[in-house]
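Only one structure is covered here, and it is reproduced in the block below.
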Amino acid sequence: MKVQDFTLKKQSSERISMVTCYDAWSAKLIAGTDIDCVLVGDSLAMVVYGFDTTLPVDIDTMAAHTAAVRRGAPDKFIIGDMPFLSYRQGQGLAVENAGKLMQAGANAVKLEGAAGNLDMITHLVESGIPVMGHLGLTPQSVHRLGGMHVQGRDNGAAEQLKRQATELQQAGCFALVLELVPAALAATVTQALDIPTVGIGAGAATDGQVLVLHDLLGLSANFKPKFLRTWMDGAVNVHDALQSFHREVNEGTYPGKQESYA
Ligand code: KIV
């Protein structure tokens, strides 16, 4: 997949599949699938590091994880997430930080919101850095938004989101994540844009779907939002495997003869 393929897919009504990935081991598994692209999301602050929000993760951590994912998936299209405030302190620093993700192996970067970002996005794109936008629930603004809620429910918010989606396209974004927005609003935005939308909790009409890898594998035991479908009972399977290992070590049945060297 190349950056140009995102719009080509939209034009030919082909859906885009995207999953998050934070490490080389998972990246190798994804590399063996037809998944279109991989997001090294700042959700790793919560999924991998156990924080309550995405705010604590910094650019060097994001770059290290991007490099690990690139080692595991040499041929996948990788999007590196720009962490909290890493693109809000002037264009120079935004370019420097986006450059760190690109030099770590990303094909593109993603950043949240439109207000105050448009000139900087154009500058990144003109500097050779493809940018994916992100509207709706923007988790880096969790404190301003007052929680992780569905966005764009009232008319004013819906109109603002539609306007910002168009602004991001005009600024040069090649695709747009829509997170936690009503399905009808996501459908309207998707129809209005030439660039593809990739939804999470945004209904079925977006041009693609993204999920956190651990969530779709059922590894996030207590995370059960309405939009999530799981394709594996990961937490239960991992628990059972670990319990079996523990039991067989205690019973003395592991290792057996076939697992021992003569
Ligand atoms: O960080 C992340 O995982 C994301 C996705 C949920 C879109 O931004």
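Packing, as the average of other Cβ atoms within 10 Å across residues, places the peptides 82-89, 133-140 in the order 133-140, 82-89, highest first. Let a ≥ b ≥ c be the square roots of the eigenvalues of the Cα gyration tensor of the range 90-235; is it rounded (a/c under 1.5), or, if not, prolate (a/b larger than b/c) or oblate? Oblate. Entry note: the range 57-133 has Rg to Rh equal to 0.95, where both radii use alpha-carbon atoms and Rh is the Kirkwood radius. Say each of His246 and Gln160 gets a label point 7 Å from the Cα, pointing the same way as Cα to Cβ; how far apart are those two points in nm? Rounded to a tenth, the inter-label distance reads 4.8 nm.
Per the Debye formula on identical point scatterers at the alpha carbon atoms of the range 1-156, with no solvent, log10 I(q)/I(0) at q = 0.10, 0.18 Å⁻¹ is -0.35, -1.16.
Over the chain, DSSP H runs of length four or greater, each weighted -39,500 (n - 2.57), average out per residue to a 222 nm ellipticity of -12500 deg cm²/dmol. Sorted ascending by nearby beta carbons within 10 Å, beginning with the fewest, Phe223, Phe245, Phe174 become Phe245, Phe223, Phe174. Computed over the chain with a Gaussian network model linking Cα atoms closer than 10 Å, the most mobile of Met18, Met62, Met148 is Met148. Take the Cα coordinates of the chain, assign each an equal point scatterer, and use the Debye formula without solvent to give log10 I(q)/I(0) at q = 0.14 Å⁻¹. The Cα Debye sum returns log10 ratios of -0.94.
Among residues other than Gly133 whose Cβ falls under 10 Å from its Cβ, what is the net charge (Lys/Arg +1, Asp/Glu -1)? The partial results should precede the final answer.
Values: positive: Lys110; negative: Glu112, Glu167.
Within the 10 Å Cβ shell, the charges total -1.
Using a cutoff of 8 angstrom between alpha carbon atoms and counting only pairs six or more residues apart, the relative contact order for the chain works out to 16 percent. With only the Cα atoms considered, the range 2-80 has a convex hull volume of 95 Å³ per residue.
For a Förster distance of 30 Å, can you work out the FRET efficiency between the beta-carbons of Asp194 and Leu93, rounded to the nearest 0.05?
Using R0 = 30 Å, I get an efficiency of 0.50.
Determine the sum of side-chain charges near Leu145: Lys and Arg each +1, Asp and Glu each -1, restricted to other residues whose C-beta is under 14 angstrom from that of Leu145. Net charge around Leu145: -1.
The numbers here are math on the coordinates, done by the rules we state, and not lab data. It should be emphasised that the depicted structure is a prediction, and the values quoted were computed from it without experimental measurement. Positions of Cβ are backbone-derived with ideal geometry, glycine not excepted, and every protein chain shown enters the neighbour counts.
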